[in-house]
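K.L.:
I'd like to ask you about the structure that follows.
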Amino acid sequence: MRLATFNILHGRSLGDGRVDLDRFREAVRALDADILALQEVDRDQPRSHGADLTAVAAEAMGATDHRFVATMHGEPGVWSAATGDHQPARSSYGIALLTRLPVLSWQDLALPALRGRAPVQFPGARLPALVRDEARAAVAAVVSTPDGPLTVAATHLTFIPGWNVVQLRRLVRGLRDRPRPLVLLGDLNIDPRRATQASGMRSLARAATFPLQSPQRQLDHILGDGAVEAVDGGASFDLGISDHRALAVDVRVSPGSPR
């Protein structure tokens with residue numbers, strides 16, 4: 001099966017600054033993923049034509065089930081933290097998990113938020129900026145594969161250094177009772193070495209994903225725990241939208257692979 005994760009920048013292209021829903025559909029189709037994690041997903045936002053981008057992606061990939069989890073409500077500039085509803089009835093923004101495989105169960109997980117502002121050194125800036133992070137969450141599904149259950153979790157961690165590691169460790173603890181094998185997908189905003197160290201999981205895909213045009217860093221990850229193996233090393237893809245490349249890998253679930 002093919003696993004993929006994609007920070008979609010609400011479907012916007014850096015080339016023309018537009019959100020084109022047909023272009024977004026084609027990007028999702030090109031990935032041809034059986035399980036897809038999306039980050040920076042809009043629902044009912046004017047900037048993305050009021051579309052439910054999760055539903056658009058689900059139709060494009062032929063997903064049989066999907067789940068959107070709102071992390072923020074309202075429109076950009078007047079965000080408020082989401083209440084935890086996974087399908088709120090107003091404009092929202094968050095993460096999504098989509099699958100062509102049957103889902104046995106779902107789980108939403110809130111991640112700890114850093115209170116107050118924190119200094120972050122952005123590329124090209126002379127001095128650190130004090131920033132306030134948005135709410136963060138994860139969504140997990142136990143799916144049925146021909147070789148048995150597989151737990152798949154998706155998330156988008158903070159860009160604030162150090163706090164993303166705290167969130168990753170909390171997420172791993174929150175998933176400890178989920179069936180193995182387990183795969184974690186998403187924009188973790190940390191490098192591969194720290195991602196594997198903090199999670200205790202193996203990297204299933206290694207490829208630079210950011211920035212889009214000339215990627216130098218891997219911020220997006222597909223990590224595995226238990227009897228799941230990568231068939232190849234994975235690859236990143238410029239799909240014509242976002243400031244990230246998508247990351248995908250073909251895997252197999254088989255008894256006896258490393259935990």
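K.L.:
Looking at (1) part of a strand (DSSP E or B); (2) without any contact (Cβ under 8 Å) to a residue 40 or more places away in the chain, find the lone condition where Val172 falls short.
P.N.:
Val172 satisfies every listed condition except (1).
K.L.:
Going by what's in this entry, would Leu212 be described as in contact with a Lys or Arg (Cβ under 8 Å, 6 or more places away or on another chain), under 20 Å from Phe6 (Cβ atoms), in a loop (DSSP other than H, G, I, E, B) and touching a residue at least 24 places away in the same chain (Cβ under 8 Å)?
P.N.:
On the way: in contact with a Lys or Arg (Cβ under 8 Å, 6 or more places away or on another chain): yes; under 20 Å from Phe6 (Cβ atoms): yes; in a loop (DSSP other than H, G, I, E, B): yes; touching a residue at least 24 places away in the same chain (Cβ under 8 Å): yes.
So Leu212 fits the description; yes.
K.L.:
If I ask for residues that are more than 18 Å from Asp187 (Cα to Cα) and surrounded by 16 or more Cβ atoms within 10 Å (Cβ to Cβ), which ones from region 14-29 would you list?
P.N.:
Residues satisfying the conditions are Val19, Asp20, Arg23, Phe24, Arg25.
K.L.:
Here is a follow-up. Within region 120-137, track down each residue that is part of a strand (DSSP E or B) and without any contact (Cβ under 8 Å) to a residue 60 or more places away in the chain.
P.N.:
Narrowing region 120-137 to residues part of a strand (DSSP E or B): 120, 129-131, 137.
Within region 120-137, Val120, Ala129, Leu130, Val131 meet the criteria.
K.L.:
Among the numbered criteria (1) more than 23 Å from Leu36 (Cα to Cα); (2) surrounded by fewer than 17 Cβ atoms within 10 Å (Cβ to Cβ); (3) in contact (Cβ under 8 Å) with a residue 24 or more places away in the chain, which one does Trp106 miss?
P.N.:
Here Trp106 clears every test but (1).
K.L.:
Give the residue that is farthest from Ile190 (Cα to Cα), with candidates limited to residues of region 219-259 that are of a type outside the set (A, V, I, L, M), surrounded by fewer than 23 Cβ atoms within 10 Å (Cβ to Cβ) and touching a helix residue (DSSP H, G or I) at 6+ places or on another chain (Cβ under 9 Å).
P.N.:
Among residues in region 219-259 that are of a type outside the set (A, V, I, L, M), surrounded by fewer than 23 Cβ atoms within 10 Å (Cβ to Cβ) and touching a helix residue (DSSP H, G or I) at 6+ places or on another chain (Cβ under 9 Å), the one farthest from Ile190 (Cα to Cα) is Gly240.
K.L.:
Shifting gears a bit: Looking at region 151-171 only, could you name the residues that are closer than 22 Å to Phe68 by Cβ and hydrophobic (A, V, I, L, M, F, W, C)?
P.N.:
Matches in region 151-171: Val152, Ala153, Ala154, Leu157, Phe159, Leu168, Leu171.
K.L.:
Inspect all residues belonging to region 148-165 and state whether any of them is in a strand (DSSP E or B) and surrounded by fewer than 22 Cβ atoms within 10 Å (Cβ to Cβ). First the steps, then the outcome.
P.N.:
If we filter region 148-165 for residues that are in a strand (DSSP E or B), which is where we start, we get 148-156.
Restricting the remaining residues to those that are surrounded by fewer than 22 Cβ atoms within 10 Å (Cβ to Cβ) gives 148-149.
Checked against the condition, which is being in a strand (DSSP E or B) and surrounded by fewer than 22 Cβ atoms within 10 Å (Cβ to Cβ), region 148-165 yields at least one hit.
K.L.:
When the residues of region 187-216 are filtered to those that are buried (at least 19 other Cβ atoms within 10 Å of the Cβ) and polar (S, T, N, Q), which remaining residue is farthest from Ala138 (Cα to Cα)?
P.N.:
Thr209
K.L.:
Could we say that Arg245 is charged (D, E, K, R) and under 21 Å from Gly15 (Cβ atoms) here? Break it down stepwise before answering.
P.N.:
Numbers: charged (D, E, K, R): yes; under 21 Å from Gly15 (Cβ atoms): yes.
For Arg245, the condition - charged (D, E, K, R) and under 21 Å from Gly15 (Cβ atoms) - is met.
K.L.:
Taking Ala55 as meeting all but one of (1) modelled with pLDDT of 95 or more; (2) not in a helix (DSSP H, G or I), write down the number of the exception.
P.N.:
Condition not satisfied by Ala55: (2).
K.L.:
Restricting the search to region 146-168, which residues are in contact with a Gly (Cβ under 9 Å, 6 or more places away or on another chain) and not aliphatic (A, V, I, L, M)?
P.N.:
If the condition is that a residue be in contact with a Gly (Cβ under 9 Å, 6 or more places away or on another chain) and not aliphatic (A, V, I, L, M), then Thr151, Thr155, His156 are the ones that fit.
The values are calculated or read from the model by the stated rules, or taken from the named source; none is laboratory data. Fair warning: this is a prediction, and the values are worked out from it, not measured in the lab. All Cβ positions, glycine included, derive from the backbone under ideal geometry; neighbour counts span all protein chains shown.
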